[in-house]
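The values are calculated or read from the model by the stated rules, or taken from the named source; none is laboratory data. It should be emphasised that the depicted structure is a prediction, and the values quoted were computed from it without experimental measurement. So basically every Cβ, Gly included, is an ideal-geometry build from the backbone, and we count neighbours across all protein chains shown. Side chains included, ligands, DNA and RNA excluded: accessible areas come from the protein's heavy atoms. Shrake-Rupley method; radii C 1.70, N 1.55, O 1.52, S 1.80 Å.
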Amino acid sequence: MSFLARSIAGPMIWAVTFSVVYALHGAGCALGWDGVVAGPVSLQRAALVGSWALGLIAGAALLQRLPASGGMRAGLPRAGAWTGLVATLFTLFPVLVTSSCDAARAPAIHLFTPA
Amino acid sequence: MTDATIGAAAGTGAAAGEIAANAPQRALGLHRELDRAWANAPGWRGQITAVSHTTLGLRFMATALVFFAIGGILAMLIRAQLATPEGAFLDTEIYNQIFTMHGSIMMFLFAIPMLEGLAIYMLPKILGTRDLAFPRLTALGYWCYLFGGLILIFALLGGVAPHDGWFMYTPLSGANYSPGVNADVWLLGVTFVEISALAAAVEITVTILRQRAPGMKLTEMPLFAWYMLGTSVMMLVGFPPLILASVLLEIERAFGWPFFEVARGGDPLLWQHLFWLFGHPEVYIIFLPAAGALSTIIPVMCRTTILGYGAIVAAIVALVFLSFGLWVHHMFTVGIPHMALAFFSAASVLVAVPTAVQVFAWIGTMWKGRPEMHLPMYHVMGFFLTFVMGGLTGVMLAIVPFNWQAHDTHFVVAHLHYVLIGGFVFPMMAAAAYWMPQITGRARIKGLGETAFWTILIGFHGTFFLMHLTGLMGMPRRIDVYPDNPEWIWLNLTSSLFGFVMTIGFALFALDLVLQAWLGPRSPRDPWRAPGLDWAMRLPPPSYNFASLPGPGRLDGGAQAAQGLARGEGLLPGAPRGRREVLVTGVGSARPEFVAILPGNTALPLGLAGAIGVFVLMMLSGLYWLTLPALALVAALIWVWARGMARGRDAAPVEVAPGLTLPVHTHRQDTLGRTGAVCLLLADGTLFAALLFGVGFLSVVALGWPPPELTGDPELGAGLIAGLVAGLGLGVVAVRLGLRAQGRGGAVLPAAAGLLANLVALACLGWLAAAVLDDPTRHARDALRGVLTGYVGLHALIAAGMAAFALDQARRGEIVGARAGCLPAWRLWQDFAAVTALIAGAILLAQGAGG
């Protein structure tokens, strides 16, 4: 794998995982997966958490495979792999904690009103 | 020399340190020889036939400054209107046109072209080459930019400018609510301008990857090039969704195919998604080149080297990717599920980290160096102050509950101006102050620049800081009067007054540039003692940049390297063959691989841009049938364009240094053109992916689904789709057979077979459209099927055109031996067309090939 390809592999894993989870989220809500039971959780939650976990595993596996030393030729791919892994962890962790399909609406208030 | 020995010679050149220096020659003789090959034609003819990156880069920047001035005047009109609560200065319709045009001009006609111009002008000089990879494409990009921009400006003067806001939300911009041509002007004009952005992105990517000076490895290239590489890739991926959105909306407006109309299965949110898929990365597309300029300027001004080169490169890579995961934060209030809000909120917060890495690297660089407060540093300080504030309000807006409160208020207006003026305009002013001696060969007139800086800084913060407050007090953006809100009056009046102060500052800045170019004293060769290759030449730069190209040992010499290069001691000295020659190097290693011969001056780009302009004007006028001759003219000119690079004879290898002889590009398959084609297909693939996103989005989210039953014959539909894919697949086989037969000059038959296969595919497609597909105005599903079919048809048509071109080349004897002609590019295109047809066909079949 070329230097450039290795350098973007980590962020690519994030991009693919992010796209898949976002698409599954939309599709699952439209298809009613939130109401389908899959063991202890809904099918929607299982699909999202499963996709997220796959992304994390892929990111960690990439990190494992990259050499630890070797100047910038090794450092940039490792930095890219860390970027991808942290981004996957941080941007998709809501699959664990938030409700899935209920739409959020903004209440109309103003934060700051002069005396 | 045989190809094998040429390859071996190139191979020995790989160990960059082994390249020997050429013997010194008389600099004046070399200059005259090179200038004959590279200079623009004299007089007015030179103005329309120039393809030089120096000329066109400057032209891009000068034109962008003119549009900046127009956009600035519009901003002053807005501020004049808002200075009082019931301003009678502008009526609502004109006000709507003015704020729409202000945003559109600043984004599409100033910021992007300005960064393109800077990159077009600087990159070859920084990378140590003589021009960009595709000079005619540079010129085409400029003319498209100019003509597209003029369409918008003339529409403004004619009172029919776009009036739906610079992001043109549907349904307001749809035919029902914007029945005139105003919205069409935006859709067609901006798309016309975007041709130049894509052209520049291809140019920049290929030039950085393939034309760096020998020995300049990727891991060691100047940071400006890293930033521009990130920017150009983002442009290739970021612009296609907007182009698709504009095409879809224009089709909806012109022909009634519903994509965004709820009643017929469309959804206005599809526009928002596609627009912001472009729109948010756009912020980083604008910021990254500015950051590249900062990373160049700060170490020089601080008499040190950049701190954290590797960390900055890693931050660039992170920004390039993460910036594509933020777009929904512009849509937080449209009613999106909590979980999706959280994804995009988290990504919007995370993107601050790589941005902060850069800011801390710049601060660290200043800390370890000895900052000298020359004019560029003033603007760098203005950047820090302004951009950090804009970045922090960006983090505030990334938090969903705050975003809900501040959405669509002047707080957002303040934030975006802090980011764009802080993150782009101040760095660009720093860049102007830094590189003006390089561009003009003249030093500046002291005092005026500093006055301009302080006036702009004070005027800017006085104008926009207060908008945070008016926004938090609930003032919506884009209103023209506020008679019921006396609490906003003094803030708006003060903003307006400072707005005029800022305008005076920009006028002083422009005056400073003009005076420097016109009356400034002669600049020393390297006024900043900078190490880059951009200073290793005469000032102002000659038409060819380097009399001989820098190689190992001469990559960071700054002005000290200039003399040896001017005497021909570098690589590929002079122009003894009277051609425009550049060195092409390996992507990662920067090993010299071959010599590319670039095209000379030509009016073809102007003609092609003019033909595209005729197409746009026919669309705008509603004369849709007349677009067909315009398109035929475009196709004919593209054919002439491609013929211009065809070679009927073998070209002798070129000795670029003692012991290093390289083939010319016609004897290679991995040409610059092939790399450019890969870049173009990346953009094309993104557009196709965005179209698939549209299909998926409407199928899943839109309210007016399920659609009505299909009425076509399903068996006929399936058969025609199979015929289409088989035809394109046979084209894939044919082009490979052509490449196999290339050596013995036997490509005529495979090219003819490829042409026939593509024509069969087109016939199947035409039959499908005529006999099977339903009326595309009936429902969004049918409209999407029509667009998918059209997309595949366009690609099959171009594939047929490439096969015809290959056939012509083969018959002329231009595909023989090591010369592959257009076969490598055709192969790429044919493969892409076949794969996308397969995917599109599968979707059509999944939806039901017919009733």
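If you filter the range B:178-192 down to residues that are open to solvent by 10 Å² or more (accessible area, probe 1.4 Å) and part of a helix (DSSP H, G or I), you find that the one that is nearest to the other protein chains (Cβ to nearest Cβ) is B:191.
Restricted to the range B:594-617, and to residues there that are outside any loop (DSSP other than H, G, I, E, B) and open to solvent by 40 Å² or more (accessible area, probe 1.4 Å), the residue that is farthest from residue B:819 (Cα to Cα) is B:617. For residue B:594, the conditions (1) out of contact with any Asp or Glu (no Cβ under 7 Å at 6 or more places or on another chain); (2) within 14 Å of chain A (Cβ to nearest Cβ) all hold with the exception of (2).
For the range B:223-261, the set of residues classified as open to solvent by 10 Å² or more (accessible area, probe 1.4 Å) and under 11 Å from residue B:198 (Cα atoms) consists of B:233, B:237, B:243, listed by residue number. Within the range B:384-422, the set of residues being among the small types (Gly, Ala, Ser) and more than 18 Å from residue B:350 (Cβ to Cβ) comprises B:406, B:414, B:422.
Would you tally the residues in the range B:626-667 being under 17 Å from residue B:602 (Cβ atoms), surrounded by fewer than 16 Cβ atoms within 10 Å (Cβ to Cβ) and modelled with pLDDT under 95? Don't jump to the end; show me each part of the working.
Start the filter on the range B:626-667 by keeping residues that are under 17 Å from residue B:602 (Cβ atoms), which leaves B:633-634, B:636-647.
Adding the requirement that they be surrounded by fewer than 16 Cβ atoms within 10 Å (Cβ to Cβ) leaves B:636, B:639-640, B:643-644, B:647.
Add one more test, that the residue is modelled with pLDDT under 95, and what stays is B:643-644, B:647.
Summing the residues that are under 17 Å from residue B:602 (Cβ atoms), surrounded by fewer than 16 Cβ atoms within 10 Å (Cβ to Cβ) and modelled with pLDDT under 95 in the range B:626-667 gives 3.
Taking residue B:292 as the residue in question, decide whether it is assigned to a helix (DSSP H, G or I), away from every other protein chain (no Cβ under 14 Å) and under 30 Å from residue B:533 (Cβ atoms). Full working, then the answer.
Values: assigned to a helix (DSSP H, G or I): yes; away from every other protein chain (no Cβ under 14 Å): yes; under 30 Å from residue B:533 (Cβ atoms): yes.
Yes; evaluated as a whole, the condition is true for this residue.
Within the range B:791-806, residues that are without any contact (Cβ under 8 Å) to a residue 40 or more places away in the chain sit with their Cβ atoms under 6 Å from residues that are surrounded by 20 or more Cβ atoms within 10 Å (Cβ to Cβ), at 6+ positions apart or across chains, in these pairs: B:793/B:765; B:802/B:826; B:802/B:829.
Considering only residues in the range B:311-365 that are polar (S, T, N, Q) and more than 7 Å from chain A (Cβ to nearest Cβ), the one that is nearest to the chain's Cα centre (by Cα) turns out to be B:323. Among the helices (runs of 4 or more DSSP H) confined to the range B:33-117, the ones with at least 1 residues that are at pLDDT 95 or above and under 24 Å from residue B:489 (Cβ atoms) are located at B:53-82, B:92-104. Being over 13 Å from residue A:10 (Cβ atoms), without any contact (Cβ under 8 Å) to a residue 24 or more places away in the chain and not in a loop (DSSP other than H, G, I, E, B) is the filter here, so list the residues in the range A:58-73 that pass it. Passing the criteria: A:71, A:72. Taking the numbered list (1) touching a residue at least 40 places away in the same chain (Cβ under 8 Å); (2) surrounded by fewer than 24 Cβ atoms within 10 Å (Cβ to Cβ); (3) over 30 Å from residue B:409 (Cβ atoms); (4) not hydrophobic (A, V, I, L, M, F, W, C) in turn, residue B:138 passes all entries but (2). Can you confirm whether residue B:709 is among the acidic types (Asp, Glu), without any contact (Cβ under 8 Å) to a residue 40 or more places away in the chain and away from chain A (no Cβ under 14 Å)? Judged against the criteria, residue B:709 is not a match. Looking at B:539, B:508, just one residue is of a type in the set (A, V, I, L, M), farther than 29 Å from residue B:18 by Cα and open to solvent by 30 Å² or more (accessible area, probe 1.4 Å), and that residue is B:508.
Residue B:220 fulfils the conditions (1) open to solvent by 10 Å² or more (accessible area, probe 1.4 Å); (2) within 17 Å of the chain's Cα centre (by Cα); (3) among the acidic types (Asp, Glu) except for a single criterion, (2).
Please work out which residue is farthest from the chain's Cα centre (by Cα), limiting yourself to the range A:1-12 and to residues that are open to solvent by 40 Å² or more (accessible area, probe 1.4 Å) and closer than 24 Å to residue B:345 by Cα.
Of all residues in the range A:1-12, those open to solvent by 40 Å² or more (accessible area, probe 1.4 Å) come to A:1-2, A:4, A:6, A:8, A:12.
Retained after the next criterion (residues that are closer than 24 Å to residue B:345 by Cα): A:8, A:12.
Working: A:8: 16, A:12: 11 Å.
So the residue we want is A:8.
One residue stands out in the range A:35-73 among those that are closer than 27 Å to residue A:5 by Cβ and at the interface with chain B (Cβ under 10 Å from one of its Cβ atoms): the one that is least open to solvent (accessible area, probe 1.4 Å), namely A:72. Checked across the range B:398-408, the condition of being part of a helix (DSSP H, G or I) and within 26 Å of the chain's Cα centre (by Cα) holds for no residue. The residue list B:778, B:811, B:827, B:819 contains one member that is of a type in the set (D, E, K, R), within 30 Å of residue B:694 (Cα to Cα) and over 29 Å from the mean Cα position of the chain (by Cα), which is B:778. One residue alone among B:155, B:161, B:119 is surrounded by 24 or more Cβ atoms within 10 Å (Cβ to Cβ), in contact (Cβ under 8 Å) with a residue 12 or more places away in the chain and over 23 Å from the mean Cα position of the chain (by Cα), and that residue is B:161.
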